[in-house]
Structures are given as structure tokens and as C-alpha cells.
Amino acid sequence: MLLDSALKPYSMHKSDKIHIFLADSTKDEHAQFQEMIDQMQLGWLLTYFENGAELAAYLESETKPMPHMVFIASQDSHFSARDTLRKIRSSAHGRSLPIAIYSSSASQAIMYEALLCGANVYLRKPERFEEMSATFKKAVQTQWLYYADGQDMDIFLLSV
């Protein structure tokens, strides 16, 4: 499959399956992301973290499997996306991880803050499940773009 072969050179763990990490305190979001993955039937794995602090702590380990991509909710009551990004980017493993921030907000200030703190892509969460699923899939399929040096605002805001 083209997708799998495109992602493998950038894999930071031993698993052959695409592994996605999600940091969000909302159980409904966990269920929605799992449903998107299940409907795509691509065999991707999803690991949930209740908040950014748990995610950042996990990623500090040098022995645990690393994901292909991380999705972080911009609104987290326990640990802000800004704090999560800074913590992840300060670790050896976290510097090169593709990280997407997602939010229902289209605020330019939130987007720029995410960019400045180290996010690779910002997903404005559509209201319809089908659009969110397509946006999520596109983010994972194009995650190789996020390994390039520097940031490109043309690919930072992702929508379908």
C-alpha cells in the first residue's frame, strides 16, 4: 500500500502499523477518533492520553514505542496545547515528531501560537464527521511533509 510505504522511512518505532497518539480530555473525542480509524479499515492504532501532560511524560521515555503522528486538542483543561508542545519539543524524541493541533476555533491567534510553539499542522475541526475523518486521514497521509526544514503556512492550516 502506498500510504504504508510512504510512512515507513519516518517511523520511530518497530511496529509495522501506523500508530497515532491522541491527547484530549474529552471521551467523546476519543470515541470519534477511534470511529474514524475503524471506518478507514487501514489497521492504524490509536493510543489515548487524557491530557497533554500524560502525553509529554510518555514521550520523554527513550525506550517506549513512538507514534507516527500526534494529535493534540487545543483546548485542554489540564495542560494547554502550548505547554504540551513546548514540553514535547524539548525532548530528544519530540523534536522531530509530526504534531497536529486540532480545534473547532478558526482564531488566527490560536493558529499562530500553535505554529510558534512547534505544531506542524493545525486542523480546524469541521462539524460533520465525514469532513473530520477526511481531514484526519489527509493529515496522517501527508505527515511526511512535516519533516521538512522550516514551516510553510500554506500547509500549516489543513482542511478538506
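Quick notes
- If R0 equals 35 Å, the separation of the Cβ atoms of residue 130 and residue 60 corresponds to a calculated FRET efficiency of about 0.45.
- Peptides 52-60, 109-117 ranked from most to least packed, by the mean per-residue count of other Cβ atoms within 10 Å: 52-60, 109-117.
- Percent RCO, i.e. relative contact order, over region 17-132, from Cα pairs under 8 Å lying at least 6 residues apart: 23
- Whole-number D in µm² s⁻¹ for region 87-146, Kirkwood Cα-pair radius fed into Stokes-Einstein, 25 °C, 0.890 mPa s: 199
Laboratory data are not the source of any read-out in this text; all were calculated from the coordinates shown. Just so we're clear, the structure is a prediction, and the values are computed from it rather than from any experiment. Here Cβ is always computed from backbone atoms with ideal geometry, including for glycine, and neighbour counts include all displayed protein chains.
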